[in-house]
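Here the structure is laid out as structure tokens; the discussion comes afterwards.
Where a number appears in this text, it was derived from the coordinates with a stated rule and is not lab data. Remember, it's a predicted structure, so these values are computed and weren't measured experimentally. Positions of Cβ are backbone-derived with ideal geometry, glycine not excepted, and every protein chain shown enters the neighbour counts.
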Amino acid sequence: MSRGNMFLFQLMNFGTLHSVAFFIRLFLVGFGIYQDRTMVVKYTDIDFHVFIDASRLVTLGESPYNRSTYRYTPLLAWMLSPSIYLTSHFGKLLFVICDVLSGVLLYHILTLRGLSSDAACHFSALWLLNPLPIGVSTRGNAEALLAILVLSTLLCLQLKRHFTAAFLYGLSVHMKIYTVIYALPIALFISNHKDLKNHYKGVFRIIQSLFSKDLALFAAVAGAMFLGLTLTFYCMYGWDFLQETYLYHLTRRDIRHNFSPYFYMFYLTVESEFCFVLGLVTFLPQVILLLLTSLAFYADLPLCCFLNTALFVSFNKVCTSQYFLWYLCLLPLVLPHLRLTVKQGIGLLLLWFTGQGLWLAPAYYLEFEGRNTFVIIWFAGLLFLIINSVVMVQIINNYIPKTIVQQKKKMK
Amino acid sequence: MLSLYFVVIGLCFIFSGASQEDGVGCGFTSSWLESVVMSMKLTKQGFHRDLVYEVRHEPTSHPVKTLLLHRLPNGVYMDQYQLADLREEMGLQVLLDSALDLEAPAHVSSAFSALVFLSPPEPLQAAVPVHGRYHKASSSGGWERVVIEPPRLLLRSEHCDTVNPGIPHRVVDAPCTVQNQTLCSWLEVHGLQVPSVSVKLPVGDSSLIIPVCAVTTLVSLLCSAFLFRAVWKHGIF
């Protein structure tokens, strides 16, 4: 083994990997403070200032929604209140810690799925050393909180700790409403988990299994968690809370440029009468695909959640780069089961980045140079959807569902 | 607080000249007022611009306070939170008369006023970030021009009463400083020849509505079908 490989080997050791990941992030938080003080272009994301403003309002006993564009749960503002009393960098430290803890969770899920410790380290490194999540958490975005909730829900489900899983899942839906797309696969997973050799087949098995005791417990706990939090915050902050945390995201149709393939169409038709019909036409493929993927892959929950999220984000009416993290945190769980060679994998990755780059260039010219690049952005958005679809199809085609294949064979 | 701004703006239109007591001889003279020059320009490109104001005048024995009262059209907005940060970082002193929606397109937004306080040392200048709003798509695409008229220039001397030196100038009431929003008498300087500036914002081309809808829907359906086939083939039902 060459010296370089030895070094890499040691780096991938669990403790080292996580410490390196943590210190890289810590360094960038420090660098961010320096850049914010000295340079015109700020390192810290605008959202972080929104969180801090909302948090300040909460500590003063006011509603966090008095800060316009705060569209998150009040829990987040509360969680960040030490930022007001101690240091404004507390929030970033919290996000960074969550980011690294997500890596720990990935490692545990991967070892539970039968990977060796070294292999699990390699794959969780794809999250821990990935510049995208590193950038997002150190710039002060809260996506890592959600990654931790989603991954710990998956881990608990794999360990059959349904009560804890339900608690965490209820909390994740409260934090970010999109996680509701995991409800069907999780329900199917819980109820079908034990008895795959049920004598019913196909759809009947699925319907019958929806009435299991485990599932009832899960639904009750997750539902109580979600409704409890919603009701509490509704009583505290009223309609503002519902509007900003949930309804805004459900009804959001931002006409400003974003990664969604539908952006230009909605911009042009925003006030026309067939806008509603178009909304439906674009909503249906998303729903049908989500239902089908849930039914097809629920037995392998990480794959199913990954595909559901990627589908949801790619076909969504609004899509910003933060949304990519929603599925990126699940990617390390899917990759070990792919039949792809390293070359093919890198090819797909490059394709995905090219798609993003082709969108970002005209978007920059529109926003900062005032060029009329709407048509190019529209094309780039469509191309990005096509690229996302190709990547997803490649993942589906090359996936080796080990446990399921074995179970199927036994059934036959 | 906001209602106070409205009152202030309302009051700014009211003459208050008659009741002014005579100053102590340090007010603005007509000849000095002729030396006052104001300029306004837009820097940067695209949707995120800086409005750069500059006021110059002949030196005076007493410090002169300057306030720009700027009515801005609904095609642009200022971000009160960004202004608050800039106030902390660079001492930029700007008040807005109303809470603005930072995301709404131009046609559902309204015009607003910004009060920009300029402090010595000279030259009196400020760069205030202003952002373009999305506009309705037009039948020919291209650009929408948002014209920004020059602000009204108000001056006040710290230690003297403000006296009307005569037409074309007049005395108006406006907040004293950015912190102290009680009203002071200011002298509004007229006759400044400041050209307006304009922001050219790209707009969508509504003549493309049919091809855009058709191609978008088609691509989205084809991608869905492509994915549907893969899931159907490899899924375990």
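Please report Rg over Rh for the stretch B:113-154, where both radii come from the alpha carbon positions and Rh follows the Kirkwood definition.
On the way: Rg = 15.7 Å, Rh = 13.8 Å.
Computed over Cα atoms, the ratio is 1.14.
Give, in whole angstrom and from largest to smallest, the semi-axes √(5λ) of the equivalent ellipsoid of the stretch A:145-190, with λ running over the eigenvalues of the Cα gyration tensor.
Values: eigenvalues 46, 29, 13 Å².
Those come to 15, 12, 8 Å.
Using square roots of five times the C-alpha gyration tensor eigenvalues, list the equivalent-ellipsoid semi-axes of chain A in whole Å, biggest first. Working shown, then result.
Working: eigenvalues 203, 150, 130 Å².
Here the semi-axes work out to 32, 27, 26 Å.
Per residue and in Å³, how big is the convex hull formed by the alpha-carbon atoms of the stretch A:264-412?
On the way: hull volume 17.1 nm³, N = 149.
Spelled out: Cα convex hull of the stretch A:264-412, divided by residues, is 115 Å³.
Mind sorting A:C319, B:C184, A:C329 by how few other Cβ atoms lie within 10 Å of their own Cβ, fewest first? Display every interim value, and only then the final one.
Working: A:C319 23, B:C184 18, A:C329 27.
Exposure proxy ranking, most exposed first: B:C184, A:C319, A:C329.
Take peptide A:292-300, look around each residue's Cβ out to 10 angstrom, count Cβ atoms belonging to other protein chains, and average those counts. The partial results should precede the final answer.
Working: counts 7, 5, 2, 4, 8, 4, 2, 2, 1.
What the average comes to for A:292-300 is 4.
List the pairs from B:K44/B:K136; A:K160/A:K213; A:K176/A:K317; A:K317/B:K200; A:K317/B:K233; B:K41/B:K200 whose alpha-carbon separation is above 18 Å, in the order I gave them. If you can, show how the numbers build up before the last one.
Numbers: B:K44/B:K136 23 Å; A:K160/A:K213 13 Å; A:K176/A:K317 16 Å; A:K317/B:K200 27 Å; A:K317/B:K233 27 Å; B:K41/B:K200 14 Å.
As for pairs spanning more than 18 Å Cα to Cα, those are B:K44/B:K136; A:K317/B:K200; A:K317/B:K233.
Just checking the output field for A:376-383: average partner chain Cβ neighbours within 10 Å of each residue's Cβ? Intermediate values should be presented prior to the final figure.
Details: counts 0, 0, 5, 2, 0, 2, 7, 1.
Taking the mean over all residues of the peptide, I get 2.
Based only on the alpha carbon positions, what is the Kirkwood hydrodynamic radius of the stretch A:296-359, in angstrom?
Details: mean 1/r = 0.0776 Å⁻¹.
Its Kirkwood hydrodynamic radius stands at 12.9 Å.
Which residue, B:Q80, B:Q125, B:Q193, tops the fluctuation ranking in a GNM of chain B built on C-alpha contacts under 10 Å?
B:Q193
If packing is taken as the average count of other Cβ atoms within 10 Å, what order do A:349-356, A:242-249 fall into, highest mean first?
Details: A:349-356: 14.1, A:242-249: 16.6.
Final packing ranking: A:242-249, A:349-356.
Mind checking which of A:L325, A:L155, A:L360 has the largest fluctuation in a GNM of chain A, springs on alpha carbons under 10 Å?
Result for chain A, Cα springs under 10 Å: A:L360 fluctuates most.
List residues of the stretch A:354-376, by number, whose backbone nitrogen lies under 17 Å from a label position 7 Å along Cα→C-beta of B:Q45.
A:360-376
Pop a pseudo-label 7 angstrom from the Cα along the beta-carbon direction at both A:T16 and A:Y85 and give the gap in nm to one decimal.
4.0
Of A:M236, A:M39, A:M225, which is the most mobile in a GNM of chain A whose springs link Cα atoms less than 10 angstrom apart?
It is A:M39.
Percent of alpha carbon pairs in chain B separated by more than 22 Å?
On the way: 17136 of 27966 pairs.
Roughly 61 percent, once rounded to a whole number.
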